[in-house]
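What follows draws every value from the coordinates through simple rules; no lab data is involved. Just so you know, these numbers come straight off a predicted model, no measurement behind them. Counting neighbours? That spans all protein chains shown, and the Cβs are built from the backbone with ideal geometry, glycine included.
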Amino acid sequence: MEKFDAIIIGTGQAGPALAASLAKNGFKTAIIEKGHLGGTCVNVGCTPTKAYVASARRVFAAGNSEEHGVILEGNLKIDLKRIKQRKDKLIQDSRSGLEKMFADTENLTLIRGKATFLDQHTVQVKNEKYTAAKFYINVGGRPRIPEDFKAIDYLTNESILELEDIPEHLVIIGGGYIGLEFGQMFRRFGSKVTILEKGDQLLKKEDDDIAQEIAEILKDSGIDVKLNSDCISAEKSDTGISVNYNCEGNIEKIKASHVLVATGRIPNTDDLGLDKAGVKLDKAGFIVVNNELQTSAAHIWALGDCNGEGAFTHTAYNDFQIVNSHLFEERKRYLSDRFTCYAAFIDPPLARVGLNETDIKKQGLKAKVAIRPMSKIARAKEKGETAGKLKIFIENETNKILGATFLGAGADEYIHTVIDQMYAGASYEVIRDAIHIHPTVSELLPTMLENPKEL
């Protein structure tokens, strides 16, 4: 049985950085991976999907530039095989970089295979056993597949990236961030797209007005959005797949060539033997952690998607920063330091930080809001991209920014102006009184903050 000072399970975003830090600081370290190096982001998340989003954006620009005086003559051809090849190279470059880093790092051993706890300090991988004083669980998550779809040949956010032919009719189950990104990109590639959402709005975490604007953007692009679609199921048919929805009255049926199930994700914690390690899970299967990401077992920490404290690459990396600070740094970081921030990479993108209007009203906070439609921003008009709006929320008592929701061209970039001010603990007046570069979208952030209104 080989002994290590520390064992990391999983090579997603938090794992390699932590492994390198532990090894550099003299810890004999192992990192275990059952699949491809890099976790969700590199293999089936950020890297491949944003490569596809970039291709879809090129398609959109090529076919929607006549008002700018750019006219495309002839047919525009979409080669999904080439799009996939480009994506595959990006992924392989990242995997190869990680492989080299692991091989070149002293005190670090890469172990291939699936890890299972045998007791609090021992894991088994294939036929070998390994023991360590400290463990760091970084196993990520996977798509959740409802029972009603397990009998058909469904797609997930992973398998849809392996297609080499454009679907004739893609039906997407779920109106969340993943479903909308794939829906818009495949509509631009030429698929007929239908989105079925059981709720009364897309993106249930967002304010009603933002969700409505997003629905209109998708509908204007030719996507059929069906809300309040309950009792969704699917079955094989002679011509492909029959998707059924609605229980009351007549059952509606849609003929689909492909079905993408985008109904959320679940953590990869059910087969690790965590009960033998003394690690507690919540009802959804996420590992319960404290403010330092320590689990119920004092020598085990959980990072990334499996701890339920953020389902993003940037939060996973911040998990590494938190754990690493308590190991090796004078300045300590904590989970509670973090402001939730994320983006949905539809076009135009949605970007969020902190609280939105719904959150503020639920918490009973006294606040003001500043709103600016993209249609009243010169740079957006010059670009011909006027869909969306900007919203910034300010706490009355402190004048600090509670959060912001931006929907508009470039929103995933200029949201960081607000994020940085929130981490600085600054008054909104700092942005209000700043001078930004003209002509940009973000130059209107100071202007819109001149006269915030009471919520």
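The Cα atoms of segment 147-263 give a gyration tensor whose axes a ≥ b ≥ c have a/c of 1.5 or more with a/b no greater than b/c, which makes the shape oblate.
Which entry is the computed P(r) over Cα pairs in 20 Å bins from 0, in percent for this structure: [x] 26, 54, 18, 1; [y] 22, 52, 26, 1; [z] 23, 53, 22, 2? Among [x] 26, 54, 18, 1; [y] 22, 52, 26, 1; [z] 23, 53, 22, 2, the one calculated here is [y]. Taking segment 345-455 as the region of interest, the number of lysine pairs whose Cα atoms are within less than 17 Å, with members eight or more places apart or on different chains, is 17.
Label-to-label distance, residue 71 versus residue 126, with points set 7 angstrom from Cα along the beta-carbon direction: 6.4 nm. With both labels modelled 7 Å from their Cα along Cα-to-Cβ, the residue 253 to residue 437 distance reads 5.8 nm. For segment 147-263, averaging the sequence separation of C-alpha pairs within contact (under 8 Å, six or more residues apart) and dividing by the residue count gives a relative contact order of 34 percent.
Put simply, the Cα atoms of segment 312-455 extend 50, 33, 30 Å along their principal axes, the longest span coming first.
Under the classification rounded if a/c is under 1.5, otherwise prolate if a/b is larger than b/c and oblate if not, where does segment 54-170 fall, given a ≥ b ≥ c as square roots of the Cα gyration tensor eigenvalues? Cα axes put segment 54-170 in the prolate bin.
Under the membrane-span-like helix rule (DSSP H runs whose alpha carbons stretch at least 24 Å along the helix axis, mean Kyte-Doolittle hydropathy -0.5 or higher), the chain yields 46-63. 3J(HN,Hα) couplings calculated from phi for segment 436-444 with the Karplus curve 6.51 cos²θ - 1.76 cosθ + 1.60 (θ = phi - 60°) are, in sequence order, 9, 6, 9, x, 9, 6, 5, 5, 7 Hz; Gly and Pro show x. Rounded to the nearest 20, the size of the Cβ-charge dipole of segment 341-454 about its Cα centre is 360 debye, with Lys and Arg at +1 and Asp and Glu at -1. Each label was represented as a point 7 Å from its Cα along the Cα-to-Cβ direction; for residue 50 and residue 116 these points are 3.7 nm apart.
Loop-resident GluC sites (Glu not before Pro) (DSSP state other than H, G, I, E or B) in segment 371-455 with no more than 11 further Cβ atoms inside 10 Å of their Cβ: 397, 450.
Loop-located GluC sites (Glu not before Pro) in segment 1-86 (DSSP state other than H, G, I, E, B) with a sparse environment of at most 13 neighbouring Cβ atoms within 10 Å: 73.
Classified by the C-alpha gyration tensor, segment 209-252 has an oblate form. Its axis ratio a/c, with a ≥ b ≥ c, is 1.5 or above, and a/b does not exceed b/c. Here the contact order of the chain, divided by its residue count and restricted to Cα pairs under 8 Å and six or more residues apart, works out to 13 percent. Cα centroid distance between segment 349-379 and segment 123-178, in Å? The distance from the Cα centre of segment 349-379 to that of segment 123-178 comes to 33 Å. Rounded to the nearest 0.05, the FRET efficiency derived from the C-beta distance between residue 282 and residue 168 at R0 = 41 Å is 0.50. Within segment 299-376, the chymotrypsin sites (Phe, Trp or Tyr not before Pro) that combine a DSSP coil assignment with at most 16 other C-beta atoms in a 10 angstrom radius are 334, 339.
Label reach from residue 413 (point 7 Å along Cα→C-beta): in segment 419-455, amide nitrogens under 20 Å belong to 419-421, 435-448. Place a point 7 Å from the Cα of residue 400 along the Cα-to-Cβ direction; which residues of segment 319-337 have their backbone N under 16 Å from it? Within reach of a label on residue 400: 334-337.
Over the chain, DSSP H runs of length four or greater, each weighted -39,500 (n - 2.57), average out per residue to a 222 nm ellipticity of -9500 deg cm²/dmol. Say R0 is 22 Å: what FRET efficiency, to the nearest 0.05, do residue 330 and residue 291 get from their beta-carbon distance? The computed FRET efficiency comes out at 0.80. Applying 1/(1 + (r/R0)^6) with r as the Cβ-Cβ distance of residue 386 and residue 271 and R0 = 51 angstrom yields a FRET efficiency of 0.55.
If the segment from residue 236 to residue 2 were pulled out straight at 0.36 nm per residue, it would be longer than the present Cα-Cα gap by 79.2 nm.
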